[in-house]
Amino acid sequence: MATASKTPAKKSPARKTAPPKEATALLRADHKLVSDLFDQYESTRSASKKAKLVAQICSELTVHAQVEEEIFYPAVKAALKDKELVPEATVEHATLKDLIAQVEGVAPDGEMFDAKIKVMGEYVKHHVKEEQNEMFPKAKGTKLDMMALGERMLARKQELMAARG
Ligand SMILES: [Fe+2]
Ligand SMILES: [Fe+2]
């Protein structure tokens, strides 16, 4: 088989709007954002900054989990005929929602609050690792249209974010 010679990739003209994101790229971007927010929480001592970060973490995680549960997980479950990854991830979401309920709207008031955020961050890290290392590669190996899925997810995310104000 002949190998294609290396030709420099042509630069496409600048787009007015960002191209639609593939589903797992969209979710990975969310994961990265939340991970950064947890890091920022760890490195600040300001109670007002902590409160802002927690509000943002809770919003991002709640919307992210809802988009996964409404759109991504059912699509992946059907495509993979999965009986394990999606149910486990859904159970983990429930635990995360419990943790969110314990801190959302509560003033950061010392070591117990910090501990809850720390545990939440570790739990999210574990959950994200399983999604990115197991679920996403398997999902990408199916015939799922990841671009179409990503477009639906982005639209839903924007809708949910707007509803939260
Ligand atoms: Fe998740
Ligand atoms: Fe996720």
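The values are calculated or read from the model by the stated rules, or taken from the named source; none is laboratory data. The model shown is predicted, which means the values in this text are computed figures rather than measured ones. Heads up, the Cβs are rebuilt from the backbone with ideal geometry, glycines too, and the neighbour counts pull from every protein chain shown. The accessibility values were calculated without ligands, DNA or RNA, using every heavy atom of the protein model including side chains. Shrake-Rupley method; radii C 1.70, N 1.55, O 1.52, S 1.80 Å.
Quick notes on this structure:
- The residues on offer are V67, V86, V119, and the sole one that is assigned to a helix (DSSP H, G or I), closer than 16 Å to A25 by Cα and not basic (K, R) is V67.
- Some residue of region 77-89 being small (G, A, S), out of contact with any strand residue (DSSP E or B) (no Cβ under 7 Å at 6 or more places or on another chain) and in contact (Cβ under 8 Å) with a residue 24 or more places away in the chain: yes
- Matching option when the condition is acidic (D, E) and either under 12 Å from the mean Cα position of the chain (by Cα) or more than 15 Å from ligand 1 (Cβ to nearest atom) (or both), among E88, E69: E69
- Hits in region 98-133 - residues which are surrounded by 13 or more Cβ atoms within 10 Å (Cβ to Cβ) and within 16 Å of ligand 1 (Cβ to nearest atom): L99, I100, M120, G121, Y123, V124, K125, H127, V128, E130, E131, Q132
- Identity of the residue in region 58-94, within 14 Å of ligand 2 (Cβ to nearest atom) and hydroxyl-bearing (S, T, Y), that ends up surrounded by the fewest Cβ atoms within 10 Å (Cβ to Cβ): T90
- Filtered residues of region 138-151 (kept if assigned to a helix (DSSP H, G or I), open to solvent by 100 Å² or more (accessible area, probe 1.4 Å) and closer than 22 Å to L85 by Cα): K138, K140
- Options K11, K83, K21; residue that is over 22 Å from M161 (Cβ atoms) and modelled with pLDDT under 95: K11
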